[in-house]
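S.K.: The structure's right below; bear with me while I get my questions together.
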Amino acid sequence: MLEGAKSIGAGAATIALTGAAISIGNVLSSSIHSVARNPSLAKQLFGYAILGFALTEAIASFSPMMAFFISFVFQVR
């Protein structure tokens, strides 16, 4: 029973990766639209896009970490 709950918890923790993928797409899409509207700001907007991408990936790295934590740290005795 507890092993099944661990598997469900680890699977639920990885669902956050879907949200991270969607938000990365939104960051890059907004960057493309912004450069298309004002090409003279391309360098500055690229820096902001990379910052947004990096912060989103940092948050996304927590979900597999939590899945491994649930799977391997909580041992069934």
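S.K.: Name the residue, out of 13, 60, 42, whose mean-square fluctuation peaks in a Gaussian network model built on the chain with Cα pairs under 10 Å.
M.R.: 42
S.K.: Can you compute 3J(HN,Hα) from phi for each residue in the stretch 45-55, using the Karplus curve 6.51 cos²θ - 1.76 cosθ + 1.60 with θ = phi - 60°, rounded to whole Hz and x for Gly and Pro?
M.R.: For the stretch 45-55, the Karplus curve yields 5, 5, x, 5, 5, 5, 4, x, 5, 5, 5 Hz.
S.K.: So how do 7, 71 line up by other beta-carbon neighbours within 10 Å, fewest first?
M.R.: Details: 7 13, 71 16.
Listing 7, 71 from fewest to most nearby Cβ atoms yields 7, 71.
S.K.: Can you run phi through the Karplus equation (6.51, -1.76, 1.60; θ = phi - 60°) for the stretch 28-34 and list ³J(HN,Hα) in whole Hz, with x for Gly and Pro?
M.R.: For the stretch 28-34, the Karplus-derived couplings read 5, 5, 5, 5, 5, 5, 5 Hz, x marking Gly and Pro.
S.K.: Just to check I understand the Karplus step: with θ = phi - 60° and J = 6.51 cos²θ - 1.76 cosθ + 1.60, what whole-Hz values come out for the stretch 64-75, glycine and proline as x?
M.R.: Values, residue by residue: x, 4, 5, 5, 5, 4, 5, 6, 10, 8, 7, 8 Hz.
S.K.: Can you tell me, using C-alpha contacts under 8 Å and at least 6 residues apart, the relative contact order of the stretch 2-72 as a whole percent?
M.R.: Values: 43 pairs, mean separation 40.0, N = 71.
Taking the mean separation of contacting Cα pairs over the length of the stretch 2-72, I get 56 percent.
S.K.: If each DSSP helix of 4+ residues adds -39,500 (n - 2.57) and the sum is divided by the residues in the chain, what number results at 222 nm, nearest 500 deg cm²/dmol?
M.R.: Working: 4 runs with 60 residues, N = 77.
Value at 222 nm, helices only, nearest 500: -25500 deg cm²/dmol.
S.K.: Taking the Cβ of residue 71 as the centre, find all other residues whose Cβ is under 12 Å away and add up their charges (Lys, Arg: +1; Asp, Glu: -1). List each step's numbers first, then the result.
M.R.: On the way: positive: 6; negative: 3.
Net charge around residue 71: 0.
S.K.: So, one more: Per residue, what volume in Å³ does the Cα convex hull of the chain take up? Provide the component values of the computation, followed by the final result.
M.R.: Details: hull volume 3.6 nm³, N = 77.
Measuring per residue, one finds 47 Å³ for the Cα hull of the chain.
Read-outs throughout are calculated quantities, based only on the coordinates presented, and are distinct from any laboratory measurement. Small disclaimer: the values here were computed from a predicted structure and weren't measured. Cβ sites come from the backbone with ideal geometry, for glycine too, and all protein chains shown count toward neighbours.
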